[in-house]
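Chemist: Starting off with a structure, shown below.
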Amino acid sequence: MDERERPQKPHRAAKEGTSAKNKGHDKGFNEKAFAFKSGRRADRQARRTVEKDQTRLHVPLVNRTPDDEPPPVIVAVVGPPGVGKTTLIKSLVRRFTKHTLSEVKGPITVVSGKKRRLTFIECNNDLNSMIDIGKIADLVLLMIDGSFGFEMETFEFINVLQAHGFPKVIGILTHLDLIKKFSTQRETKKALKKRFWTEIYQGAKLFYLSGVLNGRYPDTEIQNLSRFVSVMKFRPLVFRNSHPYLLADRIQDLTPREQVRNEPKCDRTITLYGYLRGTNLKESTKVHVPGAGDLVIKSVSLLADPCPLPASESEKKRMRKLSEKNKLIHAPMSDVGGVMYDKDAVYINVPGSFTRRQDGEGGDDDDVVQGEGEQMVMDLQDLKSTLADGIANKEIRLLGSSSAPLTVGKSRHSLGGADDSGSESESDEGEGEGSALGSEDDEGEEDGEEGSDEDDQMEEDEDEDKDGDEEMNVPGPSRGRSSVRRHARSTRGLPADTAGISGDIEYADSDSDLGDLDGMRQDFDRDGVDLDDEENSGEEDDDEAPRWKSDLATKALESFKQNTKRRRDLVKLIYASDLTPEQIAAGAELGDGGDAKGAHGDGDEDDFFRPKGAVKTSLAEEVLDQTKEDVAVDALAKWEDEALLDSIRHLFITGSGGGDEDGAQPDGEGYEDEEGDGFEDLEADADADAGPSTSQSTEEARAAALAAKKEALKRKFDEQYDDPDEEGAKMDFYDEKKDEMARQLQLNREEFDGVDAETRALVEGYRPGSYVRIELADVPCELVDNFDPAYPIIVGGLLPAEERFGFVQVRIKRHRWHSRTLKTNDPLIFSLGWRRFQSIPIYSLDDHSIRMRMLKYTPEHMHCFATFYGPVTLPNTGFCALSTLGLDLAPFRIAATGVVLDIDRTSVIVKKLKLTGVPYKIYKNTAFVKEMFNSALEVTKFEGATIRTVSGIRGQIKKALSKPDGAFRATFEDKVLMSDIIFLRAWYSIQPRKFYNPVTSLLLANKTEWTGMRLTGQVRREQGIKTPLDVNSTYKAVERPSRRFNPLRVPRKLSAALPYASKPKLMKPQKKPTYLQKRAVVMEPEEKRAITIMQQMKALRKDQVSRRKEKKAESKAARLKKLAKDEEKKSEKKKDEKKDIMRKIGQKAKFEAEGGSRKRRKT
Amino acid sequence: MPSQASSSLLRYTGHEHFRNRIVLSILSGKPVRIDKIRSDDKDPGLRDYEASLLRLIEKVTNGTIIEISYTGTSILLKPGIISGGSITHDCPLSRSVGYFLEPLLSIAPFSKKPFNLTLRGITTDDKDLSVDLIRTVSLPHLQLFGVSDGLELKIKRRGSAPLGGGEVQFLCPIIKQAKTINFVSAGKIKRIRGIAHAVRVSPQFSNRMIEAARSVLNRYIPDIYLYSDVYRGDDSGKSPGFALSLLAESTTSAIHCSESVSSPGISPEDIALQAARSLLNEVSRGGCVDRKHQNLVLIMMVLGSEDVGRCRMGELSPRSIQLLRDIRDFFGTSFKIAPSDPATPDSSELLLSCYGTGYINANRTLA
């Protein structure tokens, strides 16, 4: 019973094993189901797959961004004000880092995954910012107010993007919750999506964010968006792939305070911090900061990554998710972690009161728990001694090896030429080479001078903290700077101009006394890594030492080793010594000639001013600049020696030995057979060569050699006998190119792997993805004074060619939405390359491939050429042109777009010039023409030129006439008339004006108010000047008097003499009536009746017509009356409307005058 | 703008390495000022050939401003763009055509229009590369960098020193960007070629030179062809002379070359032996490029794309060392120089690698 009642166990499907595998395909794979039914279908299918395969292909492009440590992806959030940009960034940052931002200022870098970091940047509504951001953004989150629709700025931004290489764009619709009705909402979504797709591409991703909860967008929607953002793939853009660039996330003014105080408008020295992108940045690269101008890099230094990716490789593999520890955020301008960097100060917010913690209490976790700033302040508390104690205990050794330390007083004396001008010696190679005294002296001096910078860093920092006016440069505790950094030594070796460096100033306790040193401070802690090895390791092995100081000694040791174990280092000899090339080539060593370090120091700047050839004086005979070297006959005599001749046999394919090289062994056999006795001793010789080496080598070496040999043989065998179709032929062009690129990238990575950081930076530059600090000199003070974190600062590297100026020829097309045609010689703002500038273009068209003919206006819906003076940019670079950058009422500010075609120093544009003249004497086909030229000289210049009359008779200028100045004889193909105008068509070449005006919007206090050169009309309007009117240019009614021809009169005498046929036939008018006029008509009664009837009918008809006419006139008058009434009504209405509009405009003006913002412009 | 131009001005002193500095200035676009040109000499200032070179540079470029001081001891060169096209230039008799052609080899590929340059003067002398060497060795070196289709040097007429009378035509295509080379395997010499020419002397001279050269070289490989190139009549120039140029090509197409030119009182056999021995000398130096062409290769390596280019070379010549320094001034690029195989300390071969500047021919026109 029980058993029957109990329900049967349900079937459990096998989870593994054969039955599980066969699930769904019980009878196995049915081949027939997928077979083609017909051959044609199969063919079509095959074609389709091939076509689909082709769509996959793109032009292979090298991606210069390293795969292992890529720079953060720049995600720009763009949209009109009030659309929710800040809210979106806050939501995303919270999603990635669990950090709630209070404000969004400047770039915000977060770690979003194991291999990806993101830099969020908010773009304000200024067109300048939009252009700059469009040039650097990898991904654009384009925000659209769903309740309002697209705005003109959005379209302008999309056009800017198109001109500068299209980054990825994701659309985001917000404010959808404001549309209450569901169906309207759906319709809106659909309409906006359609519009968005036509702008970007069909199927572009568009997100909808519904509403704001707790100041953030809903978590699920943000999560979806964040997933899209963090897996997005990017295709390299050509321009960015050939230029280094950096988005500054921090700016700092390094100009000495005192100088600024004395001279507030002095040029500043600033540093910009950020991740490098694009290609490698070299220190010699010129840069352009859009909105500020072309600047010169003073120095670049590598910094520890403030927002690193998860460090260890094993961790990356093991973890599927990012651990909390690794979810870092770096936003120096936005007040994160209690530290905020301003242009000239660092603010540390410490929540409440804090206490000093015991060491070892916190451990590593503290880094996460504490904010960065808090940690800094904690570190400051690790102080045992005062500044004075530190100085008192400090020992200074002149040389690394010297046993007795110098006393402070002594060192003071030894400094004859003390340098206090912000320079410091760089000792990266000093210790190893045992080099000259001078440089070491400098070091020692600095140590003394700066009051033992390393261990007193803390005091100084504390002072700064109090002061609140200085830059704080304590690196974060867990981010010890690992790499050696270079720094240009600018004024080393210059005699000191200030004699007032005395001990008490140097050792003053107060920060203000040390004020003039603050420019250097940063550099000291950098140099400290390898500079003060002995002192630091000796003195600071306290437990309390902050972690960043811990392994200085080992680092110094390493760098020392690196320096000593090098044998004759050609790189150093060539680039960092004074030796002449001849000496180097002759094998001179570093110690022989000049002081390597000294030369290296001024290699950066002073090099140019040092006479290079000074070593060689003119008393020796002149050294010619010749390629062939003089052959010494006795040097060649050695080649008479048989043994020597044989010794280079291995360099020829017939020779053996060095078998591991790629020499073609098999070919060699053939040659040997042919050769005969010339190569008798070949084997013996090879054996002799090989003999001693084998006897010396151990078993292992022989085994290794054998293995290598086997390997080479195997390779050779493979090469010869493997089927070449297997790999080589299978690779098509596309794969081959990609393979080639991959190999080159691999080589790029590996070539400088083992090289130390300094040489690497020298040879290779700084790699993209590294966090660097760029020091810029001679920056206009306005950039610092008017700094606003809402406006991005970009450092764009320039290629060597791009520093120059020339005439740029572009292909240009006026934008269809731009309301006015563009006129030649009207200023236009270009956004080209990194730059934004105003220039004066001349438009032209190619006239039958003969000449470039100037156009007064751009043609409608057609490309034309434009030539303007501006910075050289590589051909094929896109640009956009703007009529205005300001917020005036221009409906669409993008005036034109195009591409650069050509760069030149001259331009070939011509415009037509017609010279006119009139004939004053006409012979058969010859005419004398005047009023075309002013002198005979001008005529001779144009001898032989073709001329033409208005009626189309062609002719040629023959020769100048002496009588009226500028008259000439000309021949024509037919007789010309005196009334004809004769003209000469000539071409006059014109050059664009050399006008280049960079848009320096970042230097303005109000960044949107940049005005460049104005149009003449604008200037006149603003100054109330009337347009000058030439009387001759006014339009008048054309008077064309009708020509009167006189009657032909033949004199009577002549007439009489003429034959009759030629005689003018003059007849008098007839006076008498003719017969027909005279006769009387008598009608028959029948006829009479008919005529009467006809008359009556006609009369009737006449009456009818007249009555009808009358009636029509009546109705017409009525209609006119009605129309007039309507018109009146209409005008009344229009008047009302106008009134309304004027009132609104007045209100707006008033609002704006009171400081209101720009009104939204709907499309 | 003007202020920038003055800030990037490079200054040098002395007349040495004149050509390299001019070339680097033209390529990099940086103005250069060279002072104290033979200022202490009893005949101060520019020589006629240097002035002629400057004139040639003016012809092949557009917008170049050259200011020469009154005494000729200092010049200022503000480079324009390289325009190319069809140009004819008469070279002075103090230097051969090679002096003028060598700097143009690295400039020509980056011009606006393909080069069609006719040079008249001495075609072979003992100071500069002869036209034979440029044709057979320099052009293949240029081909390594992707300058190939239409690259040609036609020797229309030969002209020996002192009176010259030769004429060559140099055709060079334009390229967008120089290829990055990775030339580290020197290979083994597989063939030797040579050209023996004799003008206005007995044609037997060239045969005698060939015989003598073969006596040295035959021991190594059988693949030796030495051509006898005799020009007659008008094509043979105004002065008598003969010369032998030799080149050795390896399995990896590395080329080494040598040349020796007749001088009064030296027999053709001696000339040939000298050429052959200096070829052996050159081969024994190793490397993938010829010593006389290190300069060309170094410049073209720097102009490559932003990738690592590598090349194996024998010992650097003093000119190359100075060039490396000048390259750093003009382009900011330094080379990594390492011994090619650290295992064998006695080998003097070097591996030079550099990161190209990504130089793109901005003069090229698209329309």
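Chemist: Suppose we filter A:Leu1048, A:Leu1066, A:Leu1029 for residues that are within 30 Å of A:Gln838 (Cα to Cα) and not in a helix (DSSP H, G or I); which single one remains?
Modeler: Numbers: A:Leu1048 fails: within 30 Å of A:Gln838 (Cα to Cα); A:Leu1066 fails: within 30 Å of A:Gln838 (Cα to Cα).
Answer to the check: A:Leu1029.
Chemist: I'd like the full set of residues that are in a loop (DSSP other than H, G, I, E, B) and within 11 Å of chain B (Cβ to nearest Cβ), limited to region A:892-906.
Modeler: Quick first cut of region A:892-906, residues in a loop (DSSP other than H, G, I, E, B) only: A:892-893, A:905-906.
A:Arg905, A:Thr906 - these are the residues of region A:892-906 that are in a loop (DSSP other than H, G, I, E, B) and within 11 Å of chain B (Cβ to nearest Cβ).
Chemist: Moving on. Output the residues belonging to region A:912-930 that are free of Cβ contacts under 8 Å to residues at least 60 places away in the same chain and within 16 Å of A:Ser951 (Cβ to Cβ). Lay out the reasoning, then the answer.
Modeler: Going residue by residue through region A:912-930, those that are free of Cβ contacts under 8 Å to residues at least 60 places away in the same chain are A:920-930.
Correct list: A:Ile922, A:Asn925, A:Ala927, A:Val929.
Chemist: Also: I'd like the full set of residues that are at the interface with another protein chain (Cβ under 10 Å from one of its Cβ atoms) and either small (Gly, Ala, Ser) or assigned to a loop (DSSP other than H, G, I, E, B) (or both), limited to region A:755-766. Reasoning before the result, please.
Modeler: Restricting attention to region A:755-766, the residues satisfying the condition of being at the interface with another protein chain (Cβ under 10 Å from one of its Cβ atoms) are A:755, A:759-765.
A:Val755, A:Ala761, A:Gly765, listed by residue number.
Chemist: Ok, one more. Could you check region A:816-868 and list, in sequence order, the residues that are open to solvent by less than 10 Å² (accessible area, probe 1.4 Å), small (Gly, Ala, Ser) and farther than 30 Å from A:Leu1002 by Cα?
Modeler: A:Ser844
Chemist: Can you name every residue in region B:315-358 that is more than 9 Å from every other protein chain (Cβ to nearest Cβ) and open to solvent by 20 Å² or more (accessible area, probe 1.4 Å)?
Modeler: Scanning region B:315-358 gives B:Ser340, B:Asp341, B:Pro342, B:Ala343, B:Thr344, B:Asp346, B:Ser347, B:Ser348, B:Glu349, B:Leu351.
Chemist: Can you name the strands (runs of 3 or more DSSP E) wholly within region B:132-240 that have at least 3 residues being open to solvent by 10 Å² or more (accessible area, probe 1.4 Å), more than 14 Å from chain A (Cβ to nearest Cβ) and out of contact with any Leu (no Cβ under 9 Å at 6 or more places or on another chain)? I'd like the intermediate steps shown before the answer.
Modeler: Values: elements: B:152-157, B:166-172, B:189-199, B:224-231.
Those strands (runs of 3 or more DSSP E) span B:152-157, B:224-231.
Chemist: Across region B:60-94, which residue is nearest to A:Ile903 (Cα to Cα) among those that are touching a Gly at 6+ places or on another chain (Cβ under 9 Å), of a type outside the set (Asp, Glu) and outside any loop (DSSP other than H, G, I, E, B)?
Modeler: B:Ile81
Chemist: Continuing with this model, one more query. Do we find that B:Cys288 is touching a Phe, Trp or Tyr at 6+ places or on another chain (Cβ under 6 Å) and either facing chain A (nearest Cβ under 10 Å) or open to solvent by 30 Å² or more (accessible area, probe 1.4 Å) (or both) in this structure?
Modeler: Numbers: touching a Phe, Trp or Tyr at 6+ places or on another chain (Cβ under 6 Å): yes; either facing chain A (nearest Cβ under 10 Å) or open to solvent by 30 Å² or more (accessible area, probe 1.4 Å) (or both): no.
The answer is no for B:Cys288.
Residue-by-condition table, conditions (1) assigned to a loop (DSSP other than H, G, I, E, B); (2) β-branched (Val, Ile, Thr); (3) assigned by the TED database to the domain that holds A:Ile133:
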| position | (1), (2), (3) |
| --- | --- |
| A:Thr916 | no, yes, no |
| A:Lys924 | yes, no, no |
| A:Phe928 | no, no, no |
| A:Gly944 | yes, no, no |
| A:Ser951 | yes, no, no |
| A:Gln956 | no, no, no |
| A:Val976 | yes, yes, no |
| A:Ser979 | yes, no, no |
| A:Leu1002 | no, no, no |
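Chemist: Sticking with this one: Of all the residues that make up region A:226-273, how many are surrounded by fewer than 19 Cβ atoms within 10 Å (Cβ to Cβ), aliphatic (A, V, I, L, M) and in contact with a Pro (Cβ under 9 Å, 6 or more places away or on another chain)?
Modeler: Residues in region A:226-273 being surrounded by fewer than 19 Cβ atoms within 10 Å (Cβ to Cβ), aliphatic (A, V, I, L, M) and in contact with a Pro (Cβ under 9 Å, 6 or more places away or on another chain): 1 in total.
Chemist: In region B:53-75, what residues are among the small types (Gly, Ala, Ser) and within 13 Å of chain A (Cβ to nearest Cβ)?
Modeler: First pass over region B:53-75, keeping only residues among the small types (Gly, Ala, Ser): B:63, B:69, B:72, B:74.
Within region B:53-75, B:Gly63, B:Ser74 qualify.
Chemist: What do you reckon, is B:Asp128 touching an Asp or Glu at 6+ places or on another chain (Cβ under 9 Å), touching a residue at least 12 places away in the same chain (Cβ under 8 Å), in a loop (DSSP other than H, G, I, E, B) and within 14 Å of another protein chain (Cβ to nearest Cβ)?
Modeler: On the way: touching an Asp or Glu at 6+ places or on another chain (Cβ under 9 Å): yes; touching a residue at least 12 places away in the same chain (Cβ under 8 Å): yes; in a loop (DSSP other than H, G, I, E, B): yes; within 14 Å of another protein chain (Cβ to nearest Cβ): yes.
Yes: the conditions hold for B:Asp128.
Chemist: Also, quick follow-up: Hey, among B:Ile271, B:Ile221, B:Ile299, B:Ile266, which residue is of a type in the set (Val, Ile, Thr), within 29 Å of B:Ser340 (Cα to Cα) and not assigned by the TED database to the domain that holds B:Leu324? Give the steps one after another, and end with the answer.
Modeler: Numbers: B:Ile271 fails: within 29 Å of B:Ser340 (Cα to Cα); B:Ile299 fails: not assigned by the TED database to the domain that holds B:Leu324; B:Ile266 fails: within 29 Å of B:Ser340 (Cα to Cα).
None of the others qualify; the one that does is B:Ile221.
Chemist: Any chance you could count how many residues in region B:76-99 are open to solvent by less than 50 Å² (accessible area, probe 1.4 Å), touching a residue at least 40 places away in the same chain (Cβ under 8 Å) and within 12 Å of chain A (Cβ to nearest Cβ)? Don't jump to the end; show me each part of the working.
Modeler: Going through region B:76-99, the residues open to solvent by less than 50 Å² (accessible area, probe 1.4 Å) turn out to be B:76-77, B:79-85, B:87, B:89, B:91-92, B:94-99.
Next, only the ones that are touching a residue at least 40 places away in the same chain (Cβ under 8 Å) stay: B:76-77, B:79, B:81-84, B:91-92, B:94-97, B:99.
When the remaining residues are screened for being within 12 Å of chain A (Cβ to nearest Cβ), the result is B:79, B:81-83, B:94-96, B:99.
Residues flagged as open to solvent by less than 50 Å² (accessible area, probe 1.4 Å), touching a residue at least 40 places away in the same chain (Cβ under 8 Å) and within 12 Å of chain A (Cβ to nearest Cβ) within region B:76-99 amount to 8.
Chemist: On to the next question. Which is of a type outside the set (Val, Ile, Thr) and touching a strand residue (DSSP E or B) at 6+ places or on another chain (Cβ under 7 Å), of A:Ala204, A:Ala191?
Modeler: Numbers: A:Ala191 fails: touching a strand residue (DSSP E or B) at 6+ places or on another chain (Cβ under 7 Å).
Answer to the selection: A:Ala204.
Chemist: Would you list the helices (runs of 4 or more DSSP H) that sit entirely within region A:219-320 and hold 2 or more residues that are touching a Lys or Arg at 6+ places or on another chain (Cβ under 9 Å) and touching a residue at least 40 places away in the same chain (Cβ under 8 Å)?
Modeler: Output list reads A:219-231.
Let's see how each residue does on (1) of a type in the set (Lys, Arg); (2) open to solvent by 100 Å² or more (accessible area, probe 1.4 Å); (3) at pLDDT 95 or above; (4) under 60 Å from the mean Cα position of the chain (by Cα):
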position: A:Glu1084; (1), (2), (3), (4): no, yes, no, no
position: A:Met1094; (1), (2), (3), (4): no, yes, yes, no
position: A:Ser1106; (1), (2), (3), (4): no, no, yes, no
position: A:Ser1115; (1), (2), (3), (4): no, no, yes, no
position: A:Ala1124; (1), (2), (3), (4): no, no, yes, no
position: A:Lys1129; (1), (2), (3), (4): yes, yes, yes, yes
position: A:Lys1144; (1), (2), (3), (4): yes, yes, no, yes
position: A:Glu1152; (1), (2), (3), (4): no, no, no, yes
position: A:Lys1162; (1), (2), (3), (4): yes, yes, no, yes
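Chemist: Suppose the filter is part of a strand (DSSP E or B) and within 43 Å of the chain's Cα centre (by Cα); does A:Asn997 pass it?
Modeler: Working: part of a strand (DSSP E or B): yes; within 43 Å of the chain's Cα centre (by Cα): yes.
Against the criterion (part of a strand (DSSP E or B) and within 43 Å of the chain's Cα centre (by Cα)), A:Asn997 qualifies.
Chemist: Another question about this same structure. Pick from region A:192-213 the residues that are open to solvent by 40 Å² or more (accessible area, probe 1.4 Å) and in contact (Cβ under 8 Å) with a residue 24 or more places away in the chain: which of them is farthest from A:Leu225 (Cα to Cα)?
Modeler: Among those that are open to solvent by 40 Å² or more (accessible area, probe 1.4 Å) and in contact (Cβ under 8 Å) with a residue 24 or more places away in the chain, it is A:Arg195.
The values are calculated or read from the model by the stated rules, or taken from the named source; none is laboratory data. None of these values were measured; they are calculated from a predicted model. Backbone-built Cβ (ideal geometry, glycine too); neighbour counts: all protein chains shown. Accessible surface is based on the protein model in full, side chains and every heavy atom, while ligands, DNA and RNA are left aside. Shrake-Rupley method; radii C 1.70, N 1.55, O 1.52, S 1.80 Å.
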